[in-house]
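Encoded as structure tokens, the structure appears first; notes follow it.
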Amino acid sequence: MLFKRSSGEQSEYRSGLFARMKKALGATKDNLVGKIETVLSSRPTIDEELLDDLEGTLLTADLGVRVTGKIMDAIREKQKKQLLETAEDARTEIRSQLYSILNIKEKQELPRDGIDIQVWMIVGVNGTGKTTTIGKLASKASQAGNNVLVCAADTFRPAAIEQLSVWAERSGADLIKSKTGTDPSAVLHDALAAATARKSDIVLIDTAGRLHTKGNLMQELDKMRRVAGKKIPGAPHEVLLVIDATTGQNGLSQAREFMKFTGITGLIITKLDGTAKGGIVFSISQELGIPVRYIGVGESLGDLLEFSPEVFVDSLFNESSLQ
């Protein structure tokens, strides 16, 4: 269940996804691909001066040092072998390298088979749009025919519980909540017991937003993971880190710290429609080997998009390989 589609539905979805991403990533395209095109069109041949300019451009486009190094190493290697001579050759190689960074095949597919109840824990710092994202996930899962239960384990912020209540009612999902200040692990325990009794297909756990530098709060997430695993074997099956794309390279620092305590399995990048810093997607994927699961491109229910590395790169370069 969850978000599975027939082959015909999947083809139609991917076609629409390209158009949505192309529109949402306009600022990132200008900041990244637009600057690349400017450099490549500045001289008729690929020489060392052009490569130096290209390297500087990639570094300023929020790709980070490691991604830039990977791309430039590949380009210089092909140039030495005389396999890269024109601007179009360089453009094709950059596109290929960016796609390979995002195409983390061994982790790309969500764990589904043989699991009766999917348990997803959603984590992140304050202000990333975490609670809203959970509401959108609940809506997507419900529309796909799943029995959804939302666990309001953010017991420190009363507004979060109220917000989730609205989302749950709107999406038709069950909601398990408690009073402000209750131990989050206790709420989670009750939610998983309810999910088992109600035969839920998926449990979405909202956690309190926390600074990635606060060790005690990060350890609380680790405790919640252990509680989930005791109630439902293998849980949580996904630990999704929500990152605000507008933070740029700071998002990488957040991911590193959350990885230490929560074993992140995937990323949700929000606010991509309002920033030119979408290059952070490549930086995090390269550094930590964590696949992006979803991207947020707006405020409405339909503005949480399932991530496709191929469509993401195609939309940046304004060419769809799906046609």
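Can you tell me which of (1) surrounded by fewer than 16 Cβ atoms within 10 Å (Cβ to Cβ); (2) of a type in the set (S, T, N, Q); (3) touching a residue at least 60 places away in the same chain (Cβ under 8 Å) is the one Asn31 doesn't meet?
(1)
Just for the range 166-180: of the residues that are in a loop (DSSP other than H, G, I, E, B) and basic (Lys, Arg), which one is farthest from Lys140 (Cα to Cα)? Lay out the reasoning, then the answer.
Kept after step one, since they are in a loop (DSSP other than H, G, I, E, B), are these residues of the range 166-180: 172-173, 177-180.
Subset that is basic (Lys, Arg): 177, 179.
On the way: Lys177: 21, Lys179: 27 Å.
Filtering first and then ranking leaves Lys179.
Among (1) in contact (Cβ under 8 Å) with a residue 40 or more places away in the chain; (2) buried (at least 20 other Cβ atoms within 10 Å of the Cβ); (3) aliphatic (A, V, I, L, M); (4) assigned to a helix (DSSP H, G or I), which single condition is Ile71 missing?
Result: Ile71 fails condition (1) only.
Could you check the range 252-301 and list, in sequence order, the residues that are of a type in the set (Gly, Ala, Ser), touching a residue at least 40 places away in the same chain (Cβ under 8 Å) and more than 19 Å from Leu221 (Cα to Cα)?
The answer is Gly274, Ala276, Gly278, Gly279, Ser283, Ser285, Gly289, Gly296, Gly298.
Tell me which residues, restricted to the range 48-68, are more than 14 Å from Ile94 (Cα to Cα) and at pLDDT below 90.
If the condition is that a residue be more than 14 Å from Ile94 (Cα to Cα) and at pLDDT below 90, then Thr60, Asp62, Gly64 are the ones that fit.
Residues checked against (1) in a loop (DSSP other than H, G, I, E, B); (2) polar (S, T, N, Q); (3) at pLDDT 95 or above:
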residue	(1), (2), (3)
Val187	no, no, yes
Leu192	no, no, yes
Arg210	yes, no, no
Gln219	no, yes, no
Asp222	no, no, no
Arg225	no, no, no
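Which of (1) more than 16 Å from Thr133 (Cβ to Cβ); (2) touching a strand residue (DSSP E or B) at 6+ places or on another chain (Cβ under 9 Å); (3) of a type in the set (A, V, I, L, M, F, W, C); (4) surrounded by 22 or more Cβ atoms within 10 Å (Cβ to Cβ) is the odd one out, the single condition Ile290 does not satisfy?
(4)
If you scan the range 141-154, which residues turn out to be assigned to a helix (DSSP H, G or I) and surrounded by 20 or more Cβ atoms within 10 Å (Cβ to Cβ)? Steps first, please.
Residues of the range 141-154 that are assigned to a helix (DSSP H, G or I), as a first pass: 141-143.
Ala141, the sole residue that qualifies.
Go through the range 277-323 and give me each residue that's in a helix (DSSP H, G or I) and of a type in the set (Val, Ile, Thr). Quick ask: steps written out before the conclusion?
To start, the set of residues in the range 277-323 that are in a helix (DSSP H, G or I) comprises 280-288, 301-303, 309-317.
The answer is Ile280, Val281, Ile284, Val311, Val313.
The values are calculated or read from the model by the stated rules, or taken from the named source; none is laboratory data. These figures come from a predicted structure and were not determined experimentally. So basically every Cβ, Gly included, is an ideal-geometry build from the backbone, and we count neighbours across all protein chains shown.
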